[in-house]
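For reference, the structure discussed in these notes is given below.
The values are calculated or read from the model by the stated rules, or taken from the named source; none is laboratory data. Since the structure is predicted, the reported quantities are computational estimates derived from the model, not experimental observations. Using ideal geometry, Cβ is built from the backbone for each residue, glycine included, and neighbour counts are taken over all protein chains shown. When the accessible area is computed, the model is the full protein with side chains, heavy atoms only, and any ligands, DNA or RNA have been set aside. Shrake-Rupley method; radii C 1.70, N 1.55, O 1.52, S 1.80 Å.
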Amino acid sequence: MGNDRTTDVATNPAPRARADGTAGVPEQGTSLWGDALYRLRRNRLARFGLAFSILVTVVSFIGPYCTPYSYDATDLVYGAQSPSPEHWCGTDTLGRDVLTRILYGGRISLTVGFLATAVSLVIGVLYGAVSGYLGGKLDAVMMRAVDILYALPFTVFVILLTVAFGQDLRLLFLAIGAVSWLTMARIVRGQVLFVRRQEYVEAAVALGLGTPRIILRHVIPNVLGPVIVYATLTVPAVMLLEAALSFLGLGVQPPMSSWGVLIKEGAEKMDIYPWLLIWPAAVFSLTLFSLNFLGDGLRDALDPQGARD
Amino acid sequence: MLRFVVSRLAQAVPVMFLIATATFFMVRLAPGDPFADEKRIPEEILANLRATYGLDQPLAVQYGRYMRNLLRGDLGPSYKYTGRSVNEIISQSFPVSLELGLEALVLALLLGLPAGLVAALRRNSAWDYLPMATAMAGICLPAFVLGPLLALVFGIWLGWFHPMGWNVASDRVLPALTLGLYYAAYIARLTRAGMIEILSQDFVRTARAKGLPEHVVVLKHALTGGIQPVLSFLGPAIAGLLTGSFIVETVFFVPGLGRFFVNAAFNRDYTLVMGTVLFYAALIIVLNLAVDVVQAWLNPRAREAMG
């Protein structure tokens, strides 16, 4: 599937030529980004996704300073209360405020999502750009390596990484970012194959610019559209992975909080205290929905001809 | 065809070798020790334990021995399940995962195909929107949210099934549902898209123009083409179902390979981790090959490309 999409974008990557059917004058007044913004604004789901993502991010990063509770302060007298005016989402069996733990967990989950995405972005874009721009034997070898890595079951590989790097959380999620760049590399390569035949690249070569400079200054900026779209979709994917690992007990460790940890703790006690599962699960699912809607919306906005699966 | 299979298997040898080597060094160079966290073990016994499993030897020697045993298909003894070999654990637990995966697949097809078909035939009606919205939710809801919720509602509140375990036949329902729902949703979307495309083609119009009843047009003429995308999705789906059941097995306490793998990673049971990774990798390579062969068998054009 990834392959189809790559060729697809490579052969007709021209969202700017088909702005809005005003044939003949392709680029009058509106830029690629202006068009994209216009289309994004009209997409209700994407707007909701963007608003909710921003809301969750802001609240998660500011919220822990505003609640009167600490994420690990236990209060056994008030253990496992259902939601009340003092504790909006109730407390867990150790008397910790669930809302505070959700906010705090959101901070960790979101940080992990953005950090690992940033790592995969840097590796994937550079790998794909070098492979696509230099071409030839090197390209064949580099893409064969990607094919091989692609064939491995991804979750199995990530669990293996937790064994190797599980001691240090930051290291673990850098490692996750370092293995989730494969699709990104394929997308970028497909785009670069097209861009490198463009006149402005020829001009840069004719001017005698060095290859690294051409790749960084002329090729990469012109493939950013699909890169942004895919990066937006990588954030929820990585957050899902973090939550899954934490749920299995291989990721974030208690008493630290993350959405995966909270869902795990909630699932263990759901028969007596269902709110311990329901609140974190709801916030987590809504955030994933939002980020996916936003990513889909961006894809439609930046690449209106792109195939939708 | 035979040449294609042989050359693909030959390509798999260096790949497996690389995976085995990388896995070995990643696991061995990781900080921590499989026996370190068992407190109050006297130093001499610890040394004895290490000696028993050959962990006191230089890394190169350990690597050589591991690879030699691997060539004979021996994955070594488990460090944590005393007295059991990794081969034994895999051969006992994988059939459970296999059963769960196949049941999930059957469920996914039984739910996904009709839903997609109905959605395509009643396009832009409630029959379309309701299944497709559910499918979207099914794709987005992760197993570790869906599983506990299903266990809570159907296991605890309604009491229809056991919330966990793998003893009686009805214990298969909730795990298979949790695992299969994502694939059901995907199949529904693929079926809908495939059918909508086929139904707009000329030969379907011709069939209708001949006056054939609608069910004949749909089931006899359109369906075979319309479910092509689903057929090509089956390969990746089977691979995903067989290697992706960690969470479901953990949620419902299913004694499958996925749960052993997670426990092994948790306990730093090095040999079991390495053995399971290699087993999964080999499984995926064989499955991918099988998918290509089946596709070639179904599609003459791809057969020619394979030489």
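Tabulated data
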item	result
Per-peptide average of other Cβ atoms within 10 Å, ordering B:263-269, B:182-188 highest first	B:182-188, B:263-269
Equivalent ellipsoid, segment B:95-266 (semi-axes from 5 times Cα gyration tensor eigenvalues, Å)	36, 16, 13
Order of exposure, largest accessible area first, which applies to B:W127, A:W259, A:W279 with probe 1.4 Å	B:W127, A:W279, A:W259
Rounded tilt (10° steps) of B:270-298 against the dominant C-alpha axis of chain B	30
Rounded to the nearest 10 Å², the accessible area of A:T155 at probe 1.4 Å	60
Inter-part distance where segment A:150-202 and segment B:64-142 are each reduced to a Cα centre, Å	24
Within segment B:99-128: backbone nitrogen closer than 15 Å to the B:R208 label point (7 Å, Cα to C-beta)	B:120-124
Heavy-atom SASA rank of A:E265, B:E88, A:E86, A:E199 (probe 1.4 Å, accessible area, largest first)	A:E199, A:E86, B:E88, A:E265
For the protein assembly as shown: accessible area per residue (Å², 1.4 Å)	49
Solvent accessible area, Å² - A:W275, 1.4 Å probe, full protein context	40
At least 20 Å² accessible surface lost relative to isolated chain, residues of segment B:140-183 (1.4 Å probe)	B:C140, B:L141, B:P142, B:F144, B:V145, B:P148, B:L149, B:L152, B:I156, B:W157
Segment A:230-242 - phi-based ³J(HN,Hα) in whole Hz, Karplus 6.51/-1.76/1.60, Gly and Pro as x	5, 5, 4, 7, 6, 4, x, 4, 5, 4, 4, 5, 4
Net charge over other residues, Cβ less than 11 angstrom from the Cβ of B:P131 (K, R count +1; D, E count -1)	+2
Inter-probe distance in nm under a simple model that places probes 7 Å from Cα toward Cβ, at B:R28 and B:V286	2.7
HN-Hα J in Hz across segment B:161-178 - Karplus 6.51, -1.76, 1.60, θ = phi - 60°, x for Gly and Pro	10, 6, x, 7, x, 8, 10, 9, 4, 6, 5, 7, 5, 5, x, 5, 5, 4
Anchor B:K80: lysines whose Cα lies under 27 Å away (excluding residues fewer than 8 positions away in-chain)	A:K264, B:K39
Most to least accessible of B:K80, B:K210 (protein chains only, probe 1.4 Å)	B:K210, B:K80
C-alpha long axis of helix B:228-243 to longest principal axis of chain B, angle in °	20
Drop in accessible area of at least 10 Å² in the complex versus isolated chain, residues of segment B:241-267, 1.4 Å probe	B:T243, B:F246, B:I247, B:T250, B:V251, B:F261, B:V262, B:A265, B:F266
Residues with amide H under 5 Å from that of B:S85, placed H, sequence gap 5 or more	B:S78
Partner chain coverage, peptide A:245-256 - average Cβ within 10 angstrom	3
Dipole of the protein assembly as shown, positive direction: furthest Cα of A:G249, A:M143, B:W166, with charges on the beta-carbon	A:M143
Relative contact order of chain B, pairs being alpha-carbon contacts under 8 Å that are 6 or more residues apart, as %	26
Rg/Rg_globular for chain B, with Rg_globular taken as 2.2 N^0.38 Å and Rg from C-alpha atoms	1.26
Residues along segment A:146-177 losing 30 Å² or more of accessible surface when the other protein chains are present rather than the chain by itself (probe 1.4 Å)	A:I148, A:A151, A:L152, A:P153, A:V156, A:I159, A:L160, A:V163, A:A164, A:Q167
Vicinal HN-Hα couplings computed from phi for segment B:189-204 (Karplus, 6.51 cos²θ - 1.76 cosθ + 1.60; Hz; Gly/Pro x)	5, 5, 4, 4, 4, x, 5, 4, 5, 5, 5, 8, 7, 4, 5, 6
Per residue, the convex hull volume that the Cα atoms of the protein assembly as shown enclose (Å³)	212
Magnitude of the charge dipole, segment B:1-110, Cβ model with Lys/Arg +1 and Asp/Glu -1, debye to 20	440
Charge dipole (debye, nearest 20) of chain B; +1 at Cβ of Lys and Arg, -1 at Cβ of Asp and Glu	800
Paramagnetic reach from A:L171 (point 7 Å along Cα→Cβ, amide N under 20 Å) across segment B:261-278	B:264-271, B:273-274
Where labels lie 7 Å past Cα in the beta-carbon direction, separation of B:I41 and B:V61 in nm	1.9
Heavy atoms of B:Y129: accessible area, 1.4 Å probe, square angstrom to 10	130
MRE, 222 nm, helices only [DSSP H, n ≥ 4, -39500 (n - 2.57), over the protein assembly as shown, to nearest 500]	-23000 deg cm²/dmol
Accessible area buried between chains B and A, both sides summed, probe 1.4 Å, in Å² to nearest 100	3200
Average partner coverage of B:13-23, which counts Cβ from other chains inside 10 Å	1
Portion, in percent, of the accessible area of chain B that falls on carbon or sulfur, probe 1.4 Å	66
Estimated dipole of the protein assembly as shown in Debye, rounded to 20 [Cβ of Lys and Arg +1, of Asp and Glu -1, Cα centre]	1520
Spacing of the two label points (7 Å from each Cα toward its C-beta) at A:E199 and A:Y65, in nm	5.3
